[in-house]
Amino acid sequence: MPSTKLDRILFLGTGLLAAYQVTTGIDKLSPGPILAFTIAFGILLLTSLFFLIFGLDGFSSPIPGISSTLIPLSMGLGLVLQHFPRYSTLYLVYTIVGLILVLLTGLIRYHRPIHTITITVVHGIAGLTICIIPAAIVILGRMQFWYIFVAIGGACIGLGGILFSVFRFDPKKLPWKINLHFFPALLFLMTLCYVLGFHFG
Amino acid sequence: MNRIIRQIKEYAPLIKGLQTGLLVFTGLAGYMSARCPVFNLPTLAGLFFALAASISGSTILNMWWDRDIDALMHRTCNRPLASGKIPPRQALLVGLLLSFLGVAGAFLLDPLTGLIIFSGLFFDVIIYTILLKRRSCWSIVFGGISGGMPILAGRALAVGRLDWIGVLLSLGILFWIPTHILSFSIRNASDYQRAGVPTFVSAYGIQTTRLTIAIASILAAIALVGAAIGIGVSWGYLRLLAVLSIGLLIYSIVESVKPTERGMFGLYKFASVYMLSSMFVLFFRGV
């Protein structure tokens with residue numbers, strides 16, 4: 001499916017925002033979170049470039065599946081490392097195990113539902129982490145109100161993950177055109193929320 | 001007036017705007033990489049003029065020489081010289097004039113910069129286009145050397161001498177060019193074959209060409225990241241460069257192991273985006 005001009009503008013915007021975040025948006029943090037957030041925003045940047053080049057046809061490749069797993073996992077890890085370093089080992093183990101499970105189930109060619117369910121679970125937990133941690137931090141008064149945008153970004157990535165899973169699991173349940181054109185906007189909105197949250201929060 | 005506008009429109013495809021623009025930008029990025037005073041506009045504008053004129057001139061000379069083989073290839077048969085829209089003699093004169101103005105302008109800026117830009121022109125027109133392109137697939141090495149000259153010239157103009165960072169930046173471009181050209185030649189292999197132009201694909205096969213692309217990408221990334229560290233690029237920009245370099249490496253390796261025609265064209269595009277982004281990093285690092 002060819003991408004529209006608006007799709008391309010949104011992918012470009014996502015890439016530029018992610019590049020800004022990698023370059024200057026996370027400079028004041030300690031090395032652990034910087035590494036995790038660099039992975040998250042770096043993959044976001046590469047994914048947006050991938051879609052800029054291939055358009056919406058890129059959804060038929062394995063790249064969106066890999067990205068949609070790696071981005072929330074590394075983002076969640078970054079937030080845990082930044083705000084709850086006590087739980088960082090536990091979350092790191094979850095991140096590694098989750099990633100391995102997603103990769104392994106992806107190798108089982110004839111059991112696609114298992115892979116999709118694994119992605120949904122791993123993605124879901126990471127998405128919840130990204131939603132809950134910033135919200136809790138703002139409620140506790142440890143960060144400014146704007147940091148809530150990181151939680152909104154988490155909600156966007158969660159929504160995107162669910163839609164993407166349904167799309168892969170049973171595409172007939174969603175109208176193809178609406179679904180695919182929905183992703184660039186969601187990706188952009190998610191990145192914008194992260195940048196706003198990190199910058200002003 | 002209308003005639004002049006029409007002539008400019010006809011000449012526009014002859015200078016390959018995107019490619020020339022990218023090469024000019026590498027030269028400006030090389031200049032800015034030395035943390036020059038950014039508002040030294042006369043020098044920056046002078047470098048822009050010298051590079052734009054000399055690269056446009058050499059591209060026109062390149063097309064003038066290759067007009068016979070361009071006419072044989074689907075991809076290039078509509079170019080103004082190949083299709084006969086512009087008389088060859090007129091194009092030759094414009095190409096020579098632009099090249100002369102570019103090199104002369106560069107010599108006026110700084111003799112070393114002028115010498116480097118002249119070398120780039122010489123390697124591109126004489127060695128690459130006239131002597132080697134129709135004889136050996138290794139001609140792209142010399143095309144690569146000439147492609148690395150603008151950034152070397154920009155750097156030399158800024159620091160007043162040839163330094164190892166400038167050489168490394170130039171090597172970055174030299175190694176990037178195979179990724180760019182070879183992925184393109186795989187896609188258009190039949191076209192090149194029809195015109196009798198030797199390519200890596202026709203000489204060594206598609207597997208070796210893909211391996212060459214992967215190795216060249218790795219070397220390009222190492223050279224550019226090494227130069228960025230030498231320049232003292234901030235951690236933030238270095239992170240961005242690392243992300244893009246890793247992306248290029250993964251893409252090249254995936255395309256070597258599991259190649260597809262569409263993926264190869266994607267790699268060609270990604271290599272351009274990579275180079276443009278790297279140059280932005282070097283350019284804005286200097287602001």
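The values are calculated or read from the model by the stated rules, or taken from the named source; none is laboratory data. It should be emphasised that the depicted structure is a prediction, and the values quoted were computed from it without experimental measurement. Cβ coordinates were reconstructed from backbone atoms using ideal geometry, including for glycine residues, and neighbour counts include every protein chain displayed.
Summary table below
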item: Breaking point among (1) crowded, with 22+ Cβ neighbours inside 10 Å; (2) of a type in the set (A, V, I, L, M); (3) within 18 Å of B:ARG67 (Cβ to Cβ), for B:ALA153; result: (3)
item: Residue list for the range B:129-156, filter: within 19 Å of B:ILE213 (Cβ to Cβ) and assigned to a helix (DSSP H, G or I); result: B:SER139, B:ILE140, B:VAL141, B:PHE142, B:GLY143, B:GLY144, B:ILE145, B:GLY147
item: Residue among A:ILE26, A:ILE71, A:ILE9 that is of a type in the set (Val, Ile, Thr) and without any contact (Cβ under 8 Å) to a residue 60 or more places away in the chain; result: A:ILE9
item: Identity of the residue in the range A:27-38, in a helix (DSSP H, G or I) and within 11 Å of chain B (Cβ to nearest Cβ), that ends up modelled with the lowest pLDDT; result: A:PRO31
item: Count of the range A:126-166 residues which are closer than 17 Å to A:SER68 by Cα and without any contact (Cβ under 8 Å) to a residue 12 or more places away in the chain; result: 1
item: Hits in the range A:39-60 - residues which are among the hydroxyl-bearing types (Ser, Thr, Tyr) and either crowded, with 24+ Cβ neighbours inside 10 Å or within 9 Å of chain B (Cβ to nearest Cβ) (or both); result: A:THR47, A:SER48
item: Pick from the range B:51-94, criterion hydroxyl-bearing (Ser, Thr, Tyr) and outside any helix (DSSP H, G or I), ranking: surrounded by the fewest Cβ atoms within 10 Å (Cβ to Cβ); result: B:SER83
item: Residues of the range B:12-42 that turn out to be in contact with a helix residue (DSSP H, G or I) (Cβ under 7 Å, 6 or more places away or on another chain), assigned to a helix (DSSP H, G or I) and either surrounded by fewer than 19 Cβ atoms within 10 Å (Cβ to Cβ) or not aromatic (Phe, Trp, Tyr) (or both), as a count; result: 12
